[in-house]
Each structure stands twice: as C-alpha cells, then as structure tokens.
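Peer 1: The structure's right below; bear with me while I get my questions together.
Every read-out reported here was derived from the displayed coordinates using simple, explicitly stated rules and does not represent laboratory data. As the structure is a prediction and not an experimental result, all values here were calculated from the model. A quick note on method: Cβ atoms are made from the backbone with ideal geometry, for glycine too, and the neighbour counts reach across all protein chains shown.
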Amino acid sequence: MNMIQTRCRALAPPPHNPSENTVPSCTSGLPFEKHNKLFFDLTMQRTANQIGLRKCGPLGNTHILVDFLGEGGFGVVTKCISTVTGTEVAIKVNKNRPHIFNQARREIEILKRLRGLDPDTCNIVKWNGFFFHKENICLNFELLDKSLHDYRVHRRNANLSMRELRPVIHQLATALSHLSSKQIVHADLKPENVMVVDSTQQQIRVRLIDFGLAHPRFGTDPGACVQTTWYRAPEVIIQLPFDEAIDMWSLGLTIVEMPPDHMLDSGVCTKYYFATQNIGERHPSDKRLLLDLIKRMLELDPVQRIKPLEVLQHPFLTHSLEGGMQTQHSIVSSVCKARPENVHHGQVVSLTDESESKPKRNRKNSQALWLLPCRYRQDCPAMACHPS
C-alpha cells in the first residue's frame, strides 16, 4: 500500500494555488487556451471537493486517486491506481443525486449488455465493473490516452489527413455496427467521446466511450434530452421517434468537424472547416468518395440514412491506394462547395460537388442538406461571405 501511495505522489501533478471558488483576476491577461484550462481545472476541483475526492486519497477500497481527467454534470473522471493489480484505470465518479444515480444505473445496464464485446475488435471502451465510494457510484474503465478532440488540438497540424481519417471512420462505424447488433443507441457521439488509445502510435486507434445517455433501441423517448446540441440529429430536434440512425448523423458531423474549437454551428465561415494541404493528383476520386459518404451520413430522412455496415462497405473505405509516393490531403474544400449565395444564417444549405451537373441536384441523395449557420466574419479569407 505504501508503495502504491508513493507511486501516486510521483505521478500526481502539483496542486493549483488559486482559490477553489474563484478565478483569480490575474487570469484576465492569459491567452484564451490557458485561461480556459485554468477555469476548467478550478471547476473540476470544485466538483471533486463536493464529492469529497482528493489526489493521492483512497477511492473505494481498492484504488488510489492519482489525478482528475475530466468533469461534467454527472461528476468527475479520475485517473487511479489499483492497489490490487497496480494497473492504472479511469474511474467515472458520479455525484450522489437522485437523477444522476438513476442515470448511472441505466449506464451500468447498457455496459452489462456490451461486456461480451472485445474492445480491440469492436472499438468500444473496456468496462471493468463498478463499485461505491461512500454513496457515489463509480464506473471502472480502461485508461486511454486522449480524446479525438484533444488529439487534434495538440497536434501541430490539427487536421487529420485522408490516410488517418479512413481508419478512424472504419473503427467508429465498426463500433456503431456492434452497438446496433445489441440494439443500443449511443446518443452522444462526438469528438470528446472518441478516445485515442495511444497517440504515439503511427496509426490512430480509437474507442467509443461514455454511455451515460445511451438507450435501448426500443426504449427511446421522442422527448428525451439526448445528444450534444452541435451533433443532434434532425429527428431529435423536432422530437420525433428515433433509433440508432441518430448516431450516424453525429458521426457525419464528427468527420466534417476538422479544425479544433470550431463546431459546424458555431458561426465560422464554412470553408474554415475544410483545410487543404496537398491535394493528391493520383487519386482525385477520394474527395468525391468522401463527399458521397458524408452525404449519406447526413441524409435528413433517418430511414434513408446510411447504416454502419453500409459505411464499412462504402468505396471510400474499401478503396485501396496504389503503391509509390502518395500525397496526403485533409477533408478538402471541394467536399463543401458552398457559395456565398447558398450560406445564410439559420438556413438549410445545399452542398454539392462542382463536378455535379445541375440536373442531378433534384435526385434523391445527390446532395447533403446541412444546417450551417454563418456569422459572416469579415476577416474570413476562405470565402467572401457578407450579410444579406
């Protein structure tokens, strides 16, 4: 036990000096990222204090708390060391409130149904069970590296190349396929809930996490508050019955949302979402295949929306590049051929490939209809958009 506590103190970062309840006035001169992180850390520490957690302190009977990894309305996610095995794990500590307690119980029921799935092949986080810390339910998960959002933010080049994007889409579609086989709707797919297993590996391996809002397919309530606003499917917005098709909509938006700190509905000019690096001349069809896949994911009619197994069979994922020197490119601007006259705040925007002829625009599935409001920033170099 003493050896575990010594290791815990060595791993734990130094505590913050500022007061736990206020953001110090000196932060007003800090860059936005540092100011935002400090505020986040203070909020997380406040939540931890409310639950009664402290670094290097015990969590349950068999874990020592090393650090705090995240915070939300449910409580906090902690990094812990098992005093039995010495392994590091991530433990989600839920607040002791009736509605959160009931949500945690529902999450446990979902995780029990998924327990037989292999995390390595199904790309779903491994769950090790649950225990109680005082009166708080704690969910024990494998420790992963960082979220897909943080992975992009911490890279010098925040955009994923086409070579990196393919396996990510394949792995997430595989995860959704296995959820569908278990008749489970994740209902909160977003970059923050996609974890990179090891960011030092050359090929990205991801796993789907956070089943706090997950529902059985036949137990969904049309008025239920599911999905983060930016990734919410149309049928959820207008309170229609929904199924696992809402996860495919969220996956489509997750793919499109490339630049960090910018969400599709946050008001940034459309072409900011598609940064061109080196457009491959050998395989120009990649752009068109990706565009087609995104269109099918963002089909407004959930019945017509592409299914996970169909994603895995889509030419964009099955398309194999020839050998030799390959030029990489991100999701390029040709994915979104938005023109100023097509982009208006609060309107549904039609996005089509320039190569598509006008008669094709009336065909079903020939265009993706996306809700892309724009604030028309005057300093946007990518697209000359002006208020109408």
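Peer 1: Taking other Cβ within 10 Å of each residue's Cβ, how do ILE51, ILE169 sort, fewest first?
Peer 2: ILE51, ILE169
Peer 1: Here's a follow-up. Roughly how compact is the range 90-247, stated as its Cα Rg over 2.2 N^0.38 Å to two decimals?
Peer 2: Relative to the rule-of-thumb radius for its length, the range 90-247 sits at 1.06.
Peer 1: Computed over the Cα atoms, what is the radius of gyration of the range 71-172 divided by 2.2 N^0.38 Å, N being its residue count? Before the final figure, lay out each step's value.
Peer 2: Working: Rg = 16.1 Å, N = 102, 2.2 N^0.38 = 12.8 Å.
The reported ratio for this selection is 1.26.
Peer 1: Can you tell me the Rg and Dmax of the range 36-119, counting just the alpha carbons, in angstroms?
Peer 2: In order Rg, Dmax, the Cα atoms of the range 36-119 give 13.9, 39 Å.
Peer 1: Still on this structure, I have one more. How would SER250, SER177, SER285 line up from fewest to most surrounding beta-carbon atoms within 10 angstrom?
Peer 2: Going from sparsest to densest Cβ surroundings: SER285, SER177, SER250.
Peer 1: Find out how many positive minus negative residues lie around ASN96, taking Lys and Arg as positive, Asp and Glu as negative, among other residues whose Cβ is under 10 Å from that of ASN96.
Peer 2: +2
Peer 1: Can you put MET248, MET44 in order of Cβ neighbours within 10 angstrom, beginning with the fewest?
Peer 2: Result, fewest neighbours first: MET44, MET248.
Peer 1: Residues with amide H under 5 Å of LEU59's amide H, sequence separation 5 or more or different chain, H placed in the peptide plane at 1.01 Å from N; which?
Peer 2: Amide H neighbours of LEU59, under 5 Å, 5+ apart: ILE64, LEU65.
Peer 1: On average, how much area does the Cα convex hull of the range 144-199 cover when viewed from any direction, in nm²? Don't skip to the answer; put the middle values down first.
Peer 2: Details: hull surface 16.3 nm².
Hull-based average projected area comes out at 4.1 nm².
Peer 1: Got a sec to turn the phi values of the range 225-242 into Karplus ³J(HN,Hα) couplings, 6.51 cos²θ - 1.76 cosθ + 1.60 with θ = phi - 60°, whole Hz, x for Gly and Pro?
Peer 2: 8, 10, 6, 5, 3, 5, 10, 7, 6, x, 5, 6, 4, 9, 6, 8, x, 9
Peer 1: Once you have the Cα-Cα distance between LEU240 and SER285, take 0.36 nm times their residue separation minus that, and quote the gain in nm to one decimal.
Peer 2: Values: separation 45, 0.36 × 45 = 16.20 nm, distance 3.64 nm.
Computed gain between LEU240 and SER285 is 12.6 nm.
Peer 1: Along the Cα→Cβ direction, 7 angstrom out, place labels at LEU309 and GLN183. What is the inter-label distance in nm?
Peer 2: The answer from the label model is 1.6 nm.
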